[in-house]
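> Could you have a look at this structure, given as C-alpha cells, before my questions?
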Amino acid sequence: MIAELRSARELGSACDDDDLVMWAAQGLTGAGRAWALGDAVVAGSPLISRRDRLAVWGGAACAAELLRHALGELGPAYRPLGEVELMSEVTAKLDGVRERGRFSWMSLPAAPTSALGDGVGWVEAKAEAEVAALLAAAAPHSYAVPGAAGVNRWAGVRVDGRLAAVAADAWSAPTVGLLAGVATDAAFRGRGLAERVCRWASRELVAAYGRAALMVDDVNAVAIGVYERIGYRRRPVMAAHVTP
C-alpha cells in the first residue's frame, strides 16, 4: 500500500537518508510531498532549481507505481529524476514518461579538509548587481541569479576590487545545501578562482546544512574535476518528463 510520508524524519528512514531525495523533498515543508511503497520512495517539491522536481529512489517495480501515483497527485509538470539505471527501468514501465536528459548529481558529506578560502566571503546584497552582470557575461544560462526565488546568498572573490568568481547557496533543503550559479569572469579564468570560491562555499554549506550537493552537466569535465578535488562524489542521473 502506498503511504504518504509526513515528516523529514519518516522520509530519511524510508530512503536511507539519500541526499538527492532529501533535497527534492525540501524538508517536506511548504508544498513538498513524499510517498513510500515497498523498497521505493518518491519525493518532490515545486520550483527547485527552476523546475517542479520528483526524486525517485529504490526498486524499479515499486518506484514506477509510486511515480505514477505521485504524478497523478501533483500533475504532469513535475520532472522525475534519479539514478540512470533506475530511471531507465522506470520510464520503460510507464507510458507517457520519457527521458529528458542526463547529468550528474554530486554530493559532499563533509567539509573540505582544506578551505583555500583566502579573500572569499558572502557578497553583500548591495553588490548583487555585480553578480548579475558577471553571470550575464560568463554564465548566461545559469539557473541561479540574484533575486530568483530560492536563491539565498552568493559567495564571491575579488581581484583588484573587481568581482572575479561567484557561487550561490540556492534551493537548499534543511539537511542538504545546494551549490549553484558557479561562474568566473573571463578575464580571470585559469587562476583557480572558481575552485577557491566553491571550496569555501561548500565548507559553509556543510556547516549550515550538514552536507552539500550540486548538479553538473556530464560534458563539463573541467567543472567535474574541480568538484571532485574538493571532495564531491559523482552520481549519474537521468531526468524524465511527461509527454503529451
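The values are calculated or read from the model by the stated rules, or taken from the named source; none is laboratory data. Treat the numbers as computed from the prediction; the structure is a model and nothing was measured. All Cβ positions, even for glycine, are placed from backbone atoms using ideal geometry, and neighbour counts span all protein chains on display. Side chains are part of the model used for accessible areas, which takes the heavy atoms of the whole protein and leaves out ligands, DNA and RNA. Shrake-Rupley method; radii C 1.70, N 1.55, O 1.52, S 1.80 Å.
> Being surrounded by fewer than 22 Cβ atoms within 10 Å (Cβ to Cβ), more than 14 Å from the chain's Cα centre (by Cα), modelled with pLDDT of 95 or more and small (Gly, Ala, Ser) is the filter here, so list the residues in the stretch 28-55 that pass it.
Scanning the stretch 28-55 gives Gly32, Gly38.
> Please pick out the residue among Val219, Val226, Val237 that is β-branched (Val, Ile, Thr), outside any loop (DSSP other than H, G, I, E, B) and within 30 Å of Ala92 (Cβ to Cβ).
None of the other options fit; the residue is Val237.
> Only one of these is among the hydrophobic types (A, V, I, L, M, F, W, C) and open to solvent by 20 Å² or more (accessible area, probe 1.4 Å): Leu67, Leu74. Name it.
Numbers: Leu67 fails: open to solvent by 20 Å² or more (accessible area, probe 1.4 Å).
On inspection, the qualifying residue turns out to be Leu74.
> Can you name every residue in the stretch 7-37 that is out of contact with any helix residue (DSSP H, G or I) (no Cβ under 7 Å at 6 or more places or on another chain), farther than 19 Å from Leu47 by Cβ and not in a helix (DSSP H, G or I)?
Asp16, Asp17, Asp18
> Let me ask something else about it. With the structure loaded, tell me whether Trp154 is farther than 13 Å from Ala213 by Cα, open to solvent by less than 20 Å² (accessible area, probe 1.4 Å) and of a type in the set (Phe, Trp, Tyr) or whether it fails that test.
Details: farther than 13 Å from Ala213 by Cα: yes; open to solvent by less than 20 Å² (accessible area, probe 1.4 Å): yes; of a type in the set (Phe, Trp, Tyr): yes.
Judged against the criteria, Trp154 is a match.
> Hey, another quick one. Go through the stretch 211-235 and report how many residues are more than 21 Å from His141 (Cα to Cα) and either among the β-branched types (Val, Ile, Thr) or in contact with a strand residue (DSSP E or B) (Cβ under 8 Å, 6 or more places away or on another chain) (or both).
9
> Further question: Touching a Pro at 6+ places or on another chain (Cβ under 9 Å) and within 12 Å of Ala240 (Cβ to Cβ): is that true of Leu71 in this structure?
It is true that Leu71 is touching a Pro at 6+ places or on another chain (Cβ under 9 Å) and within 12 Å of Ala240 (Cβ to Cβ).
> Right, something else. Given the structure, is Ala8 within 27 Å of Val216 (Cβ to Cβ) and either open to solvent by less than 30 Å² (accessible area, probe 1.4 Å) or modelled with pLDDT under 95 (or both)?
Against the criterion (within 27 Å of Val216 (Cβ to Cβ) and either open to solvent by less than 30 Å² (accessible area, probe 1.4 Å) or modelled with pLDDT under 95 (or both)), Ala8 does not qualify.
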